[in-house]
Amino acid sequence: MISQPSSPAPETSPTIERLTYSVEESATALGVSKPTIYRLLARRILRPVQGLRHKRIPCQQVRRLAAGEPLHGPN
């Protein structure tokens, strides 16, 4: 029996915490449709990150909305 050299352990990359979700990812996380996310954006219940070509929604907002917590202070 010929023994084969053991392969080196695969390198693991450091886990990077996501800061934003796309509209589609936000809809999936909340269990709603993409049009519902766009309505939440239009009503300013969710606020996208400014200055980007595509709407990106902070993960923290999605988590807080899912938990039923208030997203923003009084305006």
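None of the figures in this text is laboratory data; all of them are computed from the coordinates on show. Just so we're clear, the structure is a prediction, and the values are computed from it rather than from any experiment. Cβ atoms come from the backbone with ideal geometry, glycine included; neighbour counts cover every protein chain shown.
When each pair of different Cα atoms in the stretch 20-67 is counted once in the 1/r mean, what is the Kirkwood radius in angstroms, to one decimal? Walk me through the intermediate numbers first.
Working: mean 1/r = 0.0962 Å⁻¹.
About 10.4 Å, per the Kirkwood formula over Cα pairs.
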- Added length on full extension, which subtracts the Cα-Cα distance from 0.36 nm per residue, residue 33 to residue 64: 9.4 nm
- Query: Arranged by the count of other C-beta atoms within 10 angstrom, fewest first, what order do 16, 45, 57 take?
  - Reply: 16, 45, 57
